[in-house]
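The values are calculated or read from the model by the stated rules, or taken from the named source; none is laboratory data. Bear in mind the structure is a predicted one, so any value in this text is a computation, not a measurement. Cβ atoms come from the backbone with ideal geometry, glycine included; neighbour counts cover every protein chain shown. With ligands, DNA and RNA removed, areas are computed over all heavy atoms of the protein, side chains included. Shrake-Rupley method; radii C 1.70, N 1.55, O 1.52, S 1.80 Å.
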Amino acid sequence: MSRTTTVQEATHASVVASLKHANASTGSLAIRAQAQPDSSATTRSVRSAKDGGRSEDIELATLGRSNATQTSNEGIPQPPEPPMSQSDQKRMKWGARLQLATVCWSIFTVGWNDGATGPLLPRIQEAYNVSYAVVSLIFMSNFVGFMIGALANVYIVDEFGFGKAMVLGATIQLVGYAIQSAAPPYPVFLIAFAVNGIGLALQDAGGNAYVASIKDNSRTKMSLLHSIYGTGAFLSPLSSTQFSRGRRWSFQYLTALGITLVNAVLLITVFRFKRMEVALADVGQAKTETAAVSHDENKYCQIFRLKEVHFLATMLLLYVGIGVTIGGWSVTYIINVRGGGSNSGYISSGFFGGVALGRLALLWVTKMLGDRNAVFLYILIAIGLEAVVWRVPSLVGDAVAVSLVGFFLGPLYPIVISHAGKILPHWLFAGAVGWIAGFGQAGSAFVPLITGAIASREGIEVLQPLMLAGMGAMFVLWLIVPGTARRPE
């Protein structure tokens with residue numbers, strides 16, 4: 001028995017040592033090191049069987065084989081994955097930055113589009129000889145396009161993927177701007193706004209869903225994304241104000257066409273028509289495991305059944321609509337009510353410049369107060385400033401107050417999108433955010449449309465009371481938006 005015990009101990013030590021060696025080795029060395037103890041254990045098991053130690057040795061040999069099986073499903077040990085090299089890490093880091101910059105440029109084109117209309121409105125009225133109500137059909141047409149794009153986005157992204165949806169949106173935009181730049185008859189001009197709305201909705205939805213899906217510092221990147229939107233909306237009135245003074249006012253849309261052409265090239269080059277999860281995996285973000293969910297049910301039904309989606313979408317509809325209305329109709333208000341001159345178009349730039357600055361400058365305030373309290377505070381301050389624009393008859397004072405309204409309203413959009421990530425089911429998040437953003441962008445047409453229709457009957461003086469009412473409605477909606485995620489059913 002002592003001889004059997006010695007063989008067993010030696011065998012046990014050999015197996016343990018070989019297993020440790022296999023864990024530390026790679027490639028063929030690991031395979032050879034692991035194969036030797038199995039052979040040794042089997043041989044010694046046969047020899048020791050003559051001495052009555054069969055059961056212990058068989059158990060010991062089985063231990064060696066089962067350990068090898070755990071290492072590989074085929075019984076062959078696999079080497080551990082090598083750590084990522086510094087060059088690969090650097091490549092992924094720059095790839096992630098390039099993807100984010102490309103999405104930001106897409107949202108820049110959305111801001112450029114939204115900021116251009118305000119200074120051009122008086123010129124469009126003059127060129128086509130139409131009233132407030134008729135010129136407001138621009139926003140009606142835009143609204144129809146946004147709604148089509150928002151509704152189609154979930155299907156297009158599911159069927160064809162994020163990359164193709166973004167390129168499709170940019171291509172549709174190019175078609176819309178090409179028509180608008182020719183200053184065609186007014187009915188065709190209106191149709192071009194609808195075409196443009198479809199393309200803008202697809203890109204706005206895709207851009208927001210992409211950044212919201214980033215796991216690393218998503219909140220700051222969302223604020224950056226919408227600060228870039230504000231930058232586009234700030235720069236665009238500087239250009240459109242100049243074009244509005246000349247005979248070729250419609251050439252403003254050629255500048256938009258050029259910017260959008262660069263956008264399309266970047267989207268094709270950087271994302272290469274890939275799905276979002278593939279694009280994110282290319283820059284080192286692991287795919288998120290989806291929870292068990294009924295895939296037999298239509299995705300539209302799953303999204304639209306969530307009341308949180310409707311609360312958030314309606315809030316962004318009002319938010320975007322109020323922003324574009326202030327940035328657009330305020331120019332007409334300042335000219336007709338405050339006696340402003342041809343430079344009044346720069347007030348629109350002041351508003352959107354405030355939006356861009358507020359989205360970055362107030363990050364620390366939002367973090368300190370928390371999402372819910374910060375939104376309540378920003379809305380209340382904006383209401384007070386809008387009341388100043390309404391009641392204080394000062395051209396300079398109104399211009400400053402309009403800029404400050406933009407500054408305090410600016411952070412609301414990224415906060416709402418980020419909050420959606422906290423309260424919505426993650427397996428529906430991309431589609432839901434796409435709808436929320438697309439529907440919200442429709443507000444850039446819907447609210448100015450309603451404002452123009454009322455102004456044609458009551459006068460442009462109704463602008464400020466309408467904006468105050470809209471901000472009050474946003475305050476109420478934020479009260480009823482859930483603060484935490486619903487329990488999974």
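Of everything in the range 404-436 that's at pLDDT 85 or above, within 23 Å of Gly358 (Cα to Cα) and small (Gly, Ala, Ser), which residue is most open to solvent (accessible area, probe 1.4 Å)? Checking each candidate, the answer is Ser418.
Exactly one residue out of Gly354, Gly339 is in a loop (DSSP other than H, G, I, E, B) and either in contact with a Cys (Cβ under 6 Å, 6 or more places away or on another chain) or touching a residue at least 12 places away in the same chain (Cβ under 8 Å) (or both): that is Gly339. For the range 143-171, a residue qualifies if it is assigned to a helix (DSSP H, G or I), open to solvent by less than 70 Å² (accessible area, probe 1.4 Å) and under 13 Å from Gly434 (Cβ atoms), and the qualifying residues are Phe146, Gly149, Ala150, Ala152, Asn153, Val154, Ile156, Val157, Phe162, Ala165, Met166, Gly169. Just so you know, in the range 364-416 the residues that are part of a helix (DSSP H, G or I) and touching a His at 6+ places or on another chain (Cβ under 8 Å) include one that is nearest to Gly470 (Cα to Cα), and it is Tyr413. Being modelled with pLDDT of 95 or more, surrounded by fewer than 18 Cβ atoms within 10 Å (Cβ to Cβ) and either in a helix (DSSP H, G or I) or more than 20 Å from the chain's Cα centre (by Cα) (or both) is a description that applies to Ala178. None of Tyr300, Tyr346 is over 24 Å from the mean Cα position of the chain (by Cα) and either touching a residue at least 24 places away in the same chain (Cβ under 8 Å) or within 16 Å of Tyr229 (Cβ to Cβ) (or both) except Tyr346. No other residue among Leu267, Leu257 is of a type in the set (A, V, I, L, M), over 26 Å from Ala212 (Cβ atoms) and at pLDDT 95 or above apart from Leu257. Filtered by the rule that a residue be surrounded by 20 or more Cβ atoms within 10 Å (Cβ to Cβ) and of a type in the set (Lys, Arg), the range 339-376 gives a lone residue, Arg359. Look at (1) surrounded by 15 or more Cβ atoms within 10 Å (Cβ to Cβ); (2) modelled with pLDDT of 90 or more and you find that Thr241 fails only one, number (2).
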